[in-house]
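Q: First the structure, which I've put down as structure tokens, then a few questions once you've had a look.
The values are calculated or read from the model by the stated rules, or taken from the named source; none is laboratory data. In this text, all values refer to a predicted model and were calculated from it rather than measured experimentally. Virtual Cβ from ideal backbone geometry, glycine too; neighbours counted across all protein chains shown.
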Amino acid sequence: MIKYLIIISFLCCQLVSAQKVQFTTAVFQTGDSALWATQSFNDKEWKPIGLQTYWEEQGHDKYDGFAWYRIHFNLPSSLKEKAALQDLMEVFFPGIEDADITYLNGAEIGRTGLMPEDKGGFRSGGKYRERHYILRADLPALRWDKDNVLAIRVYDGGGTGGIVGAQSFIRFLEPVDYISMDAQSSDFKIKDKTVSKEITFQNRYSKNLDGVLTTTLNCNDSLVKKQVKSVSLMPGKNVISVLGLASEEAATVNFVFKETIKDSILQSIQDVPYILTPKEKKEPKINSASAFGCKLGVPFQFTIAATGTRPMQFEITDLPKGLKLDAVKGIISGKVEKEGTYRIKITAKNNTGKDQKIVDLLIGTKNTIATPPMGWNSWNCWGLSVSDEKVKSSADAMISSGLANHGWSYMNIDDGWESSERADNGSIRANEKFPDMKLLGDYLHSHGLKFGIYSSPGPKTCGGYLGSYQNEESDAKSYASWGVDYLKYDLCSYRRYFPKGILTLEELKVPYLKMYRELESSGRNIVYSLCEYGVWDVWKWGSEVGGNIWRTTGDISDNWTSLKEIGFTQEIPASYNGSDYGFGDPDMLIVGYVGWGDNLRLTRLTPSEQYTHISLWCLLSAPLMLGCDLARMDPFTYNLLSNDEVLAIDQDVVGKGPKKTDLPNDIQLWVKDLADGSKAAGLFNLGDKLLKKSFKLSELGFANAKSIRDVWRQKNLPSRDEIEVNIPSHGVMLLKIVSK
Ligand code: GLA
């Protein structure tokens, strides 16, 4: 009778399949004793317990502290015989709350979290954390074809406790468990529109493991390409290149590795970057906006942005008095003492040809900047870990990559540069990460770049550094002495500083106006960027307190939800935009390597979402501030940021905001009037499916079109009464329409 009962109890607590022995119940005892770990301990008096729910739900309500589970199971040698690889086994629990030490027949096989007796005291192993305890199949403690005992010492530090989850088991590791496939970490390489990728496999087994790697490329929901490659993975690291993923449209690639012994699969599906911007030409092309603004009687610096092979020679006619040109670097500098609009003609020449452009220098006009600023800001990449070195490395890359030739020029340090105490005379100092701000400013200017900085009207910045409260005059003077060209002034602690908070709009304007006056008398042309997250409709009064640009939203993040919520709600704020007024700022760009700290990652936006991001910001006449590490720029990101026809929409000298029309099926049309009488239009697909449709031009409001151009591809579309569109999910078609 006793024998019969034991057999029954074994059957209850384990299910044997060809692959694993699954555990369903155990016996259980609260308390703690080292003896309970052993195989031979007599636990007949212990009560059964299920392994799927907390012990609170099984008669041990509110019990915290130590308890033990003992799982009896038979380990059939047939399991070993059938295993493809007989080296390692895994004991798996889906979750144990809170900390555990697990023994197999008295031998410890794994632990998670810390026990009260451990150094530092109890620490939970983490809610919902799986346990994967790996052991060698030749472990002497294992008893083949006999009773084995897994004893789990659990400590519950509060709340629910015990072993929980769908399935706990012991099994042999399969070939695929020894292999990891990393298809994410390497960048897609792009050369002449051919995309390739390196996939890294780690084979942790002692011998080669074979398999087949199948790569399929799908575009517009149909298969474009399939590549099948046999691979033999050596022990250790194996890097396999997959070539020819070329695509000029949104596409996804599916990497499937099927190992040969058990046909198990490892898989990764990714969006393939697609290149739209045509290759840069050798001939000179001037890309600067056709207007540039500066205050009267202060240092002037304007760098001509031009693509084409170097060396290049620049010439200017009708340069106003007080300015000079560096004919090799294309930097115009000096000081203009007389207010007015000066129309200059710029010529850029190299050994393949020349280009000319008329640019208006607006000296002493109301809005310091004629077009939205384009440049870089440290926040979205480095967060508070920004340093002099990091700013310089991005500045160097801004030049060496060629981005500066497309008009990107500001290098702005965000929060994290300030020292914790002011100097004895009350002036602000940089912390140890920035040895010399003046030198940094000189360095940037000598490369034709601009220098931006960050502060708060409150006593503390958002990152907890020193703000400018009651030091506005001194701080503006310090900035000017370092050669600063741009100040982002971030509300932060000013809100909290006043016991009652800011109650009226007039109270909110006070600190912004105060700093504006100091910047005005600082003797430099400092772009004033207000950052108060859009409260009190800043677009209505930002200009009145001296702002050139003003943040219209909270902080952006590199995902579609954030991009959509911020970008597609800008119609009203942007309707105030104008070159003679100022520009709404829907926050910095989230393309390239971002991370808000030391660990950077490639943006989580898909390639199509990134085309949408840039197109929309350009249609909005928004400031374009890159938030990525420029020293680590992948070819897709460079291509995305160097399309001069796209950037020209942002840099249009009228600087208007666009009008939005909602169309059926989650389509939005955003149309912006440009200075030359033409229109820029973005047809955005906010839906989850590819949009394949033909639109009558009259449906879009362009019945009178003389020409219609695909701006990203820089190609005119056939002039018909309708256009065919093929817009991927979250993607865009950006058009320029010239009327008859
Ligand atoms: C706020 C701003 C960000 C950034 C941080 C710095 O969150 O909105 O753009 O400047 O502060 O601490």
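Q: Can you pull out every residue in the range 620-645 that is in a helix (DSSP H, G or I) and under 22 Å from the mean Cα position of the chain (by Cα)? Give the steps one after another, and end with the answer.
A: At the first step, the residues of the range 620-645 found to be in a helix (DSSP H, G or I) are 630-632, 635-640, 644-645.
Within the range 620-645, 630, 631, 632, 635, 636, 637, 638, 639, 640 meet the criteria.
Q: In addition: How about the range 111-133: which of its residues are in contact (Cβ under 8 Å) with a residue 24 or more places away in the chain and surrounded by 15 or more Cβ atoms within 10 Å (Cβ to Cβ)?
A: 113, 115, 122, 123, 124, 125, 129, 131, 133
Q: Looking at the structure I just gave you, is residue 603 touching a Phe, Trp or Tyr at 6+ places or on another chain (Cβ under 9 Å), farther than 23 Å from residue 395 by Cα and either away from the ligand (no atom under 16 Å from the Cβ) or among the aliphatic types (A, V, I, L, M) (or both)?
A: Numbers: touching a Phe, Trp or Tyr at 6+ places or on another chain (Cβ under 9 Å): yes; farther than 23 Å from residue 395 by Cα: no; either away from the ligand (no atom under 16 Å from the Cβ) or among the aliphatic types (A, V, I, L, M) (or both): yes.
Spelling it out, it is not the case that residue 603 is touching a Phe, Trp or Tyr at 6+ places or on another chain (Cβ under 9 Å), farther than 23 Å from residue 395 by Cα and either away from the ligand (no atom under 16 Å from the Cβ) or among the aliphatic types (A, V, I, L, M) (or both).
Q: For the range 718-730, which positions are of a type outside the set (Val, Ile, Thr) and crowded, with 17+ Cβ neighbours inside 10 Å?
A: Hits for the range 718-730 are 728, 729, 730.
Q: Just checking, does the range 402-417 include any residue being buried (at least 19 other Cβ atoms within 10 Å of the Cβ), of a type in the set (Asp, Glu) and touching a strand residue (DSSP E or B) at 6+ places or on another chain (Cβ under 6 Å)? It would help to see each step written out before you state the result.
A: Keep residues of the range 402-417 that are buried (at least 19 other Cβ atoms within 10 Å of the Cβ), which gives 403-417.
Of the ones still in play, those that are also of a type in the set (Asp, Glu) are 414-415.
Still in the list and also touching a strand residue (DSSP E or B) at 6+ places or on another chain (Cβ under 6 Å): 414-415.
Scanning the range 402-417 turns up at least one residue that is buried (at least 19 other Cβ atoms within 10 Å of the Cβ), of a type in the set (Asp, Glu) and touching a strand residue (DSSP E or B) at 6+ places or on another chain (Cβ under 6 Å).
Q: Can I ask one more? Tell me yes or no: at least one residue of the range 450-473 is more than 25 Å from residue 426 (Cβ to Cβ) and either in contact with a helix residue (DSSP H, G or I) (Cβ under 6 Å, 6 or more places away or on another chain) or not acidic (Asp, Glu) (or both).
A: Initially, the range 450-473 is screened for residues more than 25 Å from residue 426 (Cβ to Cβ), giving 450.
Going one step further and asking which of them are either in contact with a helix residue (DSSP H, G or I) (Cβ under 6 Å, 6 or more places away or on another chain) or not acidic (Asp, Glu) (or both), we end up with 450.
Scanning the range 450-473 turns up at least one residue that is more than 25 Å from residue 426 (Cβ to Cβ) and either in contact with a helix residue (DSSP H, G or I) (Cβ under 6 Å, 6 or more places away or on another chain) or not acidic (Asp, Glu) (or both).
Q: Provide a single number: the residues in the range 39-65 that are surrounded by 15 or more Cβ atoms within 10 Å (Cβ to Cβ) and part of a loop (DSSP other than H, G, I, E, B). Outline the logic, then answer.
A: Initially, the range 39-65 is screened for residues surrounded by 15 or more Cβ atoms within 10 Å (Cβ to Cβ), giving 39, 41, 43, 46, 49-52, 54-56, 58, 60, 63-64.
Then drop every residue that is not part of a loop (DSSP other than H, G, I, E, B), which leaves 39, 41, 43, 46, 51-52, 54, 60, 63-64.
Looking only at that region, the number is 10.
Q: What about residue 651, is it touching a helix residue (DSSP H, G or I) at 6+ places or on another chain (Cβ under 9 Å) and more than 30 Å from residue 531 (Cα to Cα)?
A: No, not satisfied.
Q: Sticking with this one: Do we find that residue 168 is modelled with pLDDT of 95 or more and either closer than 30 Å to residue 273 by Cα or crowded, with 19+ Cβ neighbours inside 10 Å (or both) in this structure?
A: Yes, satisfied.
Q: Just name the residue that is farthest from the ligand (Cβ to nearest atom) out of those in the range 561-600 that are within 21 Å of residue 673 (Cβ to Cβ) and in a strand (DSSP E or B). Please lay out each step first, then the result.
A: First, pick out the residues of the range 561-600 that are within 21 Å of residue 673 (Cβ to Cβ): 567-586.
Restricting the remaining residues to those that are in a strand (DSSP E or B) gives 578, 582-585.
Working: 578: 24, 582: 18, 583: 16, 584: 14, 585: 10 Å.
Residue satisfying both the conditions and the ranking: 578.
Q: Could you tell me which numbered condition residue 707 fails, if it satisfies all but one of (1) under 16 Å from residue 568 (Cβ atoms); (2) assigned to a strand (DSSP E or B); (3) in contact (Cβ under 8 Å) with a residue 12 or more places away in the chain?
A: Single failed check for residue 707: (1).
Q: Listed residues 245, 266, 223; which is surrounded by 14 or more Cβ atoms within 10 Å (Cβ to Cβ), part of a strand (DSSP E or B) and either in contact with a helix residue (DSSP H, G or I) (Cβ under 8 Å, 6 or more places away or on another chain) or outside the structural domain of residue 307 (by TED's automatic domain parsing) (or both)?
A: Going through 245, 266, 223 in turn, just one is surrounded by 14 or more Cβ atoms within 10 Å (Cβ to Cβ), part of a strand (DSSP E or B) and either in contact with a helix residue (DSSP H, G or I) (Cβ under 8 Å, 6 or more places away or on another chain) or outside the structural domain of residue 307 (by TED's automatic domain parsing) (or both): 266.
Q: Among the numbered criteria (1) under 17 Å from residue 393 (Cα atoms); (2) of a type outside the set (S, T, N, Q); (3) within 11 Å of the ligand (Cβ to nearest atom), which single criterion is violated by residue 439?
A: (3) is the only condition that residue 439 fails.
Q: So which helices (runs of 4 or more DSSP H) are wholly in the range 468-560 and hold at least 2 residues that are over 33 Å from the mean Cα position of the chain (by Cα) and among the basic types (Lys, Arg)?
A: Fully inside the range 468-560 and qualifying: 505-520.
Q: Check whether at least one residue in the range 9-19 is modelled with pLDDT of 95 or more and either among the aromatic types (Phe, Trp, Tyr) or not assigned by TED's automatic domain parsing to the domain that holds residue 262 (or both), and report yes or no. Reasoning before the result, please.
A: Just the residues of the range 9-19 that are modelled with pLDDT of 95 or more, to begin with: none.
No, there is no match, as no residue in the range 9-19 is modelled with pLDDT of 95 or more and either among the aromatic types (Phe, Trp, Tyr) or not assigned by TED's automatic domain parsing to the domain that holds residue 262 (or both).
Q: Right, next: Looking at the structure I just gave you, is residue 166 in contact with a Leu (Cβ under 8 Å, 6 or more places away or on another chain), assigned by TED's automatic domain parsing to the domain that holds residue 96 and closer than 25 Å to residue 104 by Cα?
A: No; evaluated as a whole, the condition is false for this residue.
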